[in-house]
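Notes for the one structure printed next.
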Amino acid sequence: MLSSMMYPSIHAKLKGMYAQKLKKEQLDELLKQNTIVQAIALLKSFNENFKDLKQDSNRINIKMLLDDILIKDIQKIYRLLNHKQKLILLQFISIYEIKCIKNVFRKLSSGSSIGEQTSEVENWTSKLFKDLVGISEVKTYEEFLYFLKKTRYYKLFEKYDAGINEIEIFEIENKLDKFYFESMMKIAKKQTHDLEDMIGKQIDLNHIVWIYRMKKNYGFTKLQIQQILVDVHYHLKTEELEQLIQANEQEMKQILQKTYYGKYLDFDQMEDLEQQISQYLYQTFKKYLKGNIFGISAIYAYFYIVELENNDIMNILEGIRYHLKPDEIQKKLL
């Protein structure tokens, strides 16, 4: 574990970095802008990190800038940690490595050209995930597999070596997510209760979303659903999961209302379930960021919170770009 002397310095660094993020009142002001040019000009006036953003920046330009800021934050924290804690941080941020793999796989699977569409991947791999440098340029599934052989994710794909058309995108993305959360829960159980609570709630709520999607959109069998779920759960009981797997949509709502999460989420409104979950986790994680001076959980909370807030910035700017009304954009925000 980190020494008690090291934790406060890390927490002070996190608080300092978070203080530089956009405030709610600044996002509210951004939401009032009529054009993307006005919005970007205001964004640049709010925060020096956006000073080089061009007036005609597109979605990819803005996303890459937000990623660059996040990558710099990761690098700043990394330098403060000892060897053991650096390894844990690398596990934390492997979620972004997985996103890179998903991004390239989706493009290959859909037959889209690889190039500008994966510039975000190139950004992450060139700066953090060096084993994947070059994966953004692959043209075939065989080349894709070659890159994955250098990573721990290869075993998830190797049984599909006959070809990309053999793989259901939803299935492989769930396998990657399952791999991440099972690895994270192993770490969390050896660290703090706060970290276990954050990871455990993410797993539970992902299970709810996955089961709902698999039943509604894919018609998965009970066995297929069971195989995709993470091998651990937290507040959701085993019998509750079993009931959810067996239930139809209306029965699911009734079961969910009686679970631990029925106190916090409105399961009668399943159409905005993922938005509700993001809001709930955002508030939960923010509590741990503010309150835990001596825990590594604050680092995990910080990156999760920043990712959600970056999504809000993107939703506002893209909503303005496509002339959505402010109240329509607001519905997508935390």
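The values are calculated or read from the model by the stated rules, or taken from the named source; none is laboratory data. This structure is a prediction, so every number in the text was calculated from the model and none was measured. As a convention, Cβ positions derive from the backbone with ideal geometry for all residues, glycine included, and neighbour counts pool all protein chains shown.
Within segment 247-260, being within 26 Å of ILE172 (Cβ to Cβ) and exposed (fewer than 13 other Cβ atoms within 10 Å of the Cβ) holds for one residue alone: GLU249.
Within segment 283-334, work out how many residues are in contact (Cβ under 8 Å) with a residue 60 or more places away in the chain and charged (D, E, K, R). The total comes to 5.
Okay, residues lined up against (1) of a type in the set (D, E, K, R); (2) assigned to a loop (DSSP other than H, G, I, E, B); (3) surrounded by fewer than 19 Cβ atoms within 10 Å (Cβ to Cβ):
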| position | (1), (2), (3) |
| --- | --- |
| GLY262 | no, no, yes |
| ASP266 | yes, yes, yes |
| ILE277 | no, no, no |
| LYS287 | yes, no, yes |
| GLY295 | no, yes, no |
| ALA298 | no, no, no |
| TYR302 | no, no, no |
| GLU307 | yes, no, yes |
| ILE313 | no, no, no |
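Residue count for segment 13-33 satisfying the condition of being crowded, with 16+ Cβ neighbours inside 10 Å and in a loop (DSSP other than H, G, I, E, B): 3.
Contact map, segment 184-202: residues that are part of a helix (DSSP H, G or I) paired with residues that are among the charged types (D, E, K, R), Cβ distance under 7 Å, separation 6+ or inter-chain. Pairs shown: ALA188/GLU196; GLU196/LYS189. Would you confirm whether or not segment 183-190 contains a residue that is surrounded by 19 or more Cβ atoms within 10 Å (Cβ to Cβ) and either closer than 30 Å to PHE144 by Cα or of a type in the set (Phe, Trp, Tyr) (or both)? Looking through segment 183-190, at least one residue is surrounded by 19 or more Cβ atoms within 10 Å (Cβ to Cβ) and either closer than 30 Å to PHE144 by Cα or of a type in the set (Phe, Trp, Tyr) (or both). Scanning segment 70-84 for residues that are free of Cβ contacts under 8 Å to residues at least 60 places away in the same chain and not in a loop (DSSP other than H, G, I, E, B) gives ILE71, LYS72, GLN75, TYR78, HIS83, LYS84. Scanning segment 49-68 for residues that are of a type in the set (Asp, Glu) and not in a loop (DSSP other than H, G, I, E, B), we see that the one that is surrounded by the fewest Cβ atoms within 10 Å (Cβ to Cβ) is ASP68.
When we screen PHE181, PHE170 for residues that are under 19 Å from the mean Cα position of the chain (by Cα), over 21 Å from ILE71 (Cβ atoms), in a helix (DSSP H, G or I) and at pLDDT below 90, the only hit is PHE170. One residue stands out in segment 122-164 among those that are in contact with a Gly (Cβ under 8 Å, 6 or more places away or on another chain) and of a type in the set (Ser, Thr, Tyr): the one that is nearest to LEU70 (Cα to Cα), namely THR125.
Only a single item in (1) modelled with pLDDT of 95 or more; (2) on the phi > 0 side of the Ramachandran plot is not met by GLY111, and it is number (1). Those helices (runs of 4 or more DSSP H) of segment 85-160 in which 2 or more residues are out of contact with any Cys (no Cβ under 7 Å at 6 or more places or on another chain) and buried (at least 18 other Cβ atoms within 10 Å of the Cβ) occupy 94-110, 119-127, 141-148. Note on segment 282-307: residues that are touching a Lys or Arg at 6+ places or on another chain (Cβ under 7 Å) and more than 19 Å from LEU66 (Cβ to Cβ) amount to 1.
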